[in-house]
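I'd like to ask you about the structure that follows.
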Amino acid sequence: CLYSCASGKMRALRRVLLGALLKCATADVRRRNQSPLSLPKRSHALQLRGGTSAAAPTTSTAPATTPTSVKKKHAYITPRELTQIMVADLAPHGMLPLAWAATRGAGTGVVPAVLLLAVFASSSAYTLYLAAQLAEAGREARRAAPALSELWRGAKLPLPKAVDAMVALLCGGCCVFYAAFAADLFYALAKRLGLGTSREMVLGVLTCIPLAPLCLGDDLSVLKYSSLAGLLGIAYTASFIGKNGVTTDVAPIPATQTCSGTLVLANTLVVAFLCHYNAVQYYRELSPRRRTPDKFRRAVVRGAALTALVFAATLFGGARAFGSNALPNVLNNYDADSLGATVARLGTGVAILSGFPLMFAGLKAALDGCFKLRGPARPATHGALLAAIASVAATSSEDDIGLIIELLGSTLGVAAAYVVPGLCAARSSALEKKHRRSGALIAVGGMGLCVGGTYLTLKTHA
């Protein structure tokens, strides 16, 4: 009898322990699935520790939210991922014309070319840093769209929507150029493989499969994966052109020579280091624990330095291999049947596809700042814009719109990179005096670059 009684007590104890474990596990799962907005308040936690409060409300046993009401968590990026995204943003549109620009006139020497690379890389990184400081100083305005005009509004300058329109026109034109360039590259590769397809079909497939999912997202975190593919394409293309320049020394580059063509190289590098249409968005997309101007500065300095290395490889490699015969797209200098050049074209195409969503992100931010798009109208507008860009690119080649894009870069691009951040920094009381003075000098220099770059672009294509 005693044995059966003890056995019954042991079975009952096992049931109690099992029920307690199941209850704890269920509560843990419920807490994991619970929205962060519905976590218990601190007063409830004090009650559980034994504190008493007459005003403290009683906790409810009903679940706070249902699975259908849980809001999707915003994904952020790390400073290292920002560096890789920045290189994927800058390198595709900047690395191919540098050999052509360096060989204009009598040719630019090694020392002046390296100095120009260093000057414009550091200037680009510094103005991005100024934008981050201004965005941090305007923390109370974070509900606004992550557009460059936010800095303009914070500086209380007139016509902020004009800044949005400027950035939208710049990014929209560059997206058309990217789409046309990618269509030309992949159509040529499809013909080489013997695929019976049209250029319009190739562009339609590229728009639907890789570009639409990447372009229509709400944050930049998904682009850290596509940018890795772009970095691989950039690395192969730069190494191929650089190695070809070492083994095929057709035109030795002088050491210190400067000429009128040096101004063409400077104008090309100004546009090559342009990604400031995404400056505010890049800063906001950093994870909150790492979102400081100093960490942002280190990330963009690394990105500018890596991009300068890529540019140096394509500049000196293409100039040594082809000299004054270098074309604005240096890959067109290579034999169409060359396997290495074919792989380089494929790598460049992948890099262009990875850079297109970053350019489109600048376009979306500018439109959000200008029109305050909300609700279903926002993704519908973005989808219609992507379709419009593809339709324009389907009837245009990169040669057809090359001059227009160069003019946009020389005017609106330089204004976005230097004039807007410089003026905003000069008027900001939140920045140190040295940064305000530097901002004023950069704004004045940017205006001069706009005028000089436009003149050189028109003269070059005359």
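The values are calculated or read from the model by the stated rules, or taken from the named source; none is laboratory data. What you see is a predicted model, and the numbers here were worked out from it, not measured in a lab. Every residue, glycine among them, receives a Cβ derived from its backbone with ideal geometry; neighbour counts consider all protein chains shown. Please note that ligands, DNA and RNA were not included when accessible areas were found on the heavy atoms of the full protein model with its side chains. Shrake-Rupley method; radii C 1.70, N 1.55, O 1.52, S 1.80 Å.
With a Förster radius of 25 Å, plug the Cβ-Cβ distance of I404 and I209 into 1/(1 + (r/R0)^6) and report the FRET value to the nearest 0.05.
Values: r = 28 Å, r/R0 = 1.11.
My answer for the efficiency is 0.35.
I would also like to ask the following. Spin-label point model (7 Å from Cα, Cβ direction): what's the N325 to L458 distance in nm?
Each label point is offset 7 Å from its Cα along the Cβ direction, giving 3.4 nm.
From the convex hull of the Cα coordinates of segment 186-278, what is the mean projected area in square nanometres?
Details: hull surface 39.9 nm².
Reported value for the Cα convex hull: 10.0 nm².
At 1.4 Å probe radius, can you tell me the per residue accessible area of segment 75-461 in Å²? Working shown, then result.
Details: 15760 Å² over 387 residues.
Spelled out: the 1.4 Å probe surface of segment 75-461, per residue, equals 41 Å².
For segment 284-332 and segment 185-215, compute the distance between their C-alpha centroids and round to whole Å.
Between the Cα centre of segment 284-332 and that of segment 185-215, the gap is 27 Å.
Okay, next question. What order do you get for 441-450, 81-90 when each peptide is scored by the mean count of other beta carbon atoms within 10 Å, highest first?
On the way: 441-450: 17.8, 81-90: 25.1.
By packing density, highest mean first, the sequence is 81-90, 441-450.
Then there is this: If the only charges are +1 at each Lys and Arg Cβ and -1 at each Asp and Glu Cβ, what is the size of the charge dipole of segment 157-298 around the Cα centre, to the nearest 20 debye? Show your work: numbers first, answer last.
Details: 13 positive and 8 negative charges, 92 e Å.
My answer is approximately 440 debye.
For segment 75-461, state what percent of all Cα-Cα pairs lands in each successive 10 Å bin, counting from 0 Å until the bin that includes the largest distance.
5, 24, 35, 25, 9, 1, 0
Related question: Work from the charge dipole of segment 317-462 (Cβ charges, +1 for Lys and Arg, -1 for Asp and Glu, about the Cα centre) and give the residue of L458, I352, F371 farthest towards its positive end.
In segment 317-462, that residue is F371.
Also, I was wondering about something else. Longer than 28 Å from Cα to Cα, which of K224/K295; K156/K224; K295/K372; K156/K364 are they? Say none if no pair is.
Values: K224/K295 18 Å; K156/K224 34 Å; K295/K372 30 Å; K156/K364 23 Å.
Beyond 28 Å: K156/K224; K295/K372.
What's the carbon and sulfur percent of segment 75-461's accessible surface, probe 1.4 angstrom, rounded to a whole number? The partial results should precede the final answer.
Details: 10390 of 15760 Å².
Heavy-atom surface of segment 75-461 belonging to carbon and sulfur, 1.4 Å probe: 66 percent.
So, one more: For segment 75-461, what is the relative contact order in percent, using Cα pairs closer than 8 Å and at least 6 residues apart in sequence?
Working: 624 pairs, mean separation 145.5, N = 387.
The value is 38 percent.
If you don't mind, another one. Which aspartates and glutamates, if any, have their Cα less than 16 Å from the Cα of K161, not counting same-chain residues under 8 positions apart?
E150, D368
How large is the Rg to Rh ratio of segment 381-462 when both quantities use alpha carbon positions and Rh follows Kirkwood?
Details: Rg = 17.3 Å, Rh = 14.8 Å.
Rg/Rh: 1.17.
What are the extents of the Cα atoms of segment 309-462 along their three principal axes, in Å, largest first?
58, 43, 32
Sticking with this one: To the nearest 20 debye, what charge dipole does segment 75-461 have about its Cα centre, counting +1 at the Cβ of each Lys and Arg and -1 at the Cβ of each Asp and Glu? Could the numbers behind the result be given before it?
Details: 33 positive and 21 negative charges, 293 e Å.
The calculation lands at about 1400 debye.
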